[in-house]
1. Considering only Cα-Cα distances, which of the following residue pairs are longer than 28 Å: Lys24/Lys294; Lys151/Lys188; Lys115/Lys188?
2. If you average 1/r over all unlike Cα pairs in the stretch 99-227 and invert the result, what Kirkwood radius do you get in angstrom?
3. Scan around Thr359 for amide H atoms under 5 Å from its own, H built in the peptide plane at 1.01 Å from N, and keep only partners 5 or more places away or cross-chain.
4. Return the long-range amide H neighbours of Arg242 (sequence gap of 5 or more, or a different chain), with a cut-off of under 5 Å between placed amide H atoms.
5. Taking amide H positions as placed in the peptide plane 1.01 Å from N, state which residues far from Gln90 in sequence (5 or more) or on other chains have amide H under 5 Å from it.
6. Apply the Karplus curve 6.51 cos²θ - 1.76 cosθ + 1.60, θ = phi - 60°, to the phi angles in the stretch 265-274 and return the couplings in whole Hz, x for Gly and Pro.
Amino acid sequence: MAVSDDKSTPDQKPASKGSGGKAKRVLSILGILVLSVAGYEGWHWYSFGRFHQETDDAYLQADLIQLQARVTGYVSEIMVEPNAPVAKGQVIARIDPEDYQLALERARNSLATAKSAENQLQAQITAAHASIAQAEASVAAAEATNDGAQKSFRRANELKSSSAGTQAALDAAEATAKSTAAQVQSAKAAFAQSQAELTVLNAKVDSAAIETRSAETAVRQAQRDLGFTEIRAAFDGVLTERQVETGSFVTTGSRIGTLVPVNKVYVEANFKETQIASIHPGAEVSVRVDAWPKEVLHGTVVSMTAGTGQVFSLLPASNATGNFTKVVQRVPVRIEISDADRERLPLRPGMSVISSVDTRTGEATPLVPAYKPESDSPTEPQGATISESQHLSTQKVARTGG
């Protein structure tokens, strides 16, 4: 047994040497792979990565609107199904228009009445002008008759003084003269009354014109309200989250649905504040949507929000306390997607994307330019003002002998 144990010992030493060599080869291969990967990553960063700022805190957005009723009534008809595309100006729903049609008819009747009253007053003004002309002619005729009567009275008085006339003739001439003088006064009073009536009619016409304009305004208001019974699309898009059905009662401000402009979807990428220094307007952007990870969309940097997301939050954080932990803030950057890529994929707001900005492109201007206050009138430099005051002080000292 001892002899057999001595013979087995030399056979085990070559096996241990073989296993050690195999481990060295595996470690060498692993080391080469690690160096290769590290070299590739270093080359990729040097040639590509250092010129790109990337974030996965980005989402598709759209300037959607909430469609709301602008009048009160029952929904009589719905023309668009939920999640259906609509064109600009297309009628989405209709509120029962009967009440508003009656209101428009009443407003038109009131307008017709106001115009009729105004026309009547215009006709009365025309008649008043004729009355004034007639009264003026009556004054002229009465004055002419009065002149003749006064001359007859003077002649009768002269004849009576020379005993050539009778007392009866003098009395008749005097009565006639007094009557014609009274007729002149009456004609002048009638003329003044006609002028006063014209003044009153002119004032009434002004009031009637105001009533006519008010009636016209009421007609336009009724037409406007009647137009609001048709709820139309403000732009091309997709109607979603429809909130009403036929027969629903809505009031002013009731929500009808949401209109999403899917053909104008853009990206809102929240970059770290340490990344935005090298991002400029017009920079090229590569966008990958999580729904289509193999598809690369092309976009352009447009603008940047005037503040971090934390500033516009509902409850902004306050760091005016004893404990403070610095957190890197994020700044939303708006990225426009090319029209061809928007039409190629059914992009929807809210989808998650990965945005990578090529910092070698874009305009050499910051996304938010520095504020430069504008003055209404040019002012002199402060140095010139100081020099001028010093010069005046010197002259004053010279005059006083100081």
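1. Details: Lys24/Lys294 40 Å; Lys151/Lys188 21 Å; Lys115/Lys188 34 Å.
With Cα atoms farther than 28 Å apart: Lys24/Lys294; Lys115/Lys188.
2. Numbers: mean 1/r = 0.0529 Å⁻¹.
Over the stretch 99-227, the inverse of the mean reciprocal pair distance is 18.9 Å.
3. His52, Gln53
4. Residues meeting the criterion, in which the H sits 1.01 Å from N, are Asn83, Thr258.
5. Amide H neighbours of Gln90: Ala233.
6. 6, 10, 10, 10, 9, 9, 8, 5, 5, 7
Only the coordinates and a few stated rules stand behind these numbers; no lab work does. Only a predicted model underlies this, so the values are computations on that prediction, with no experimental measurement involved.
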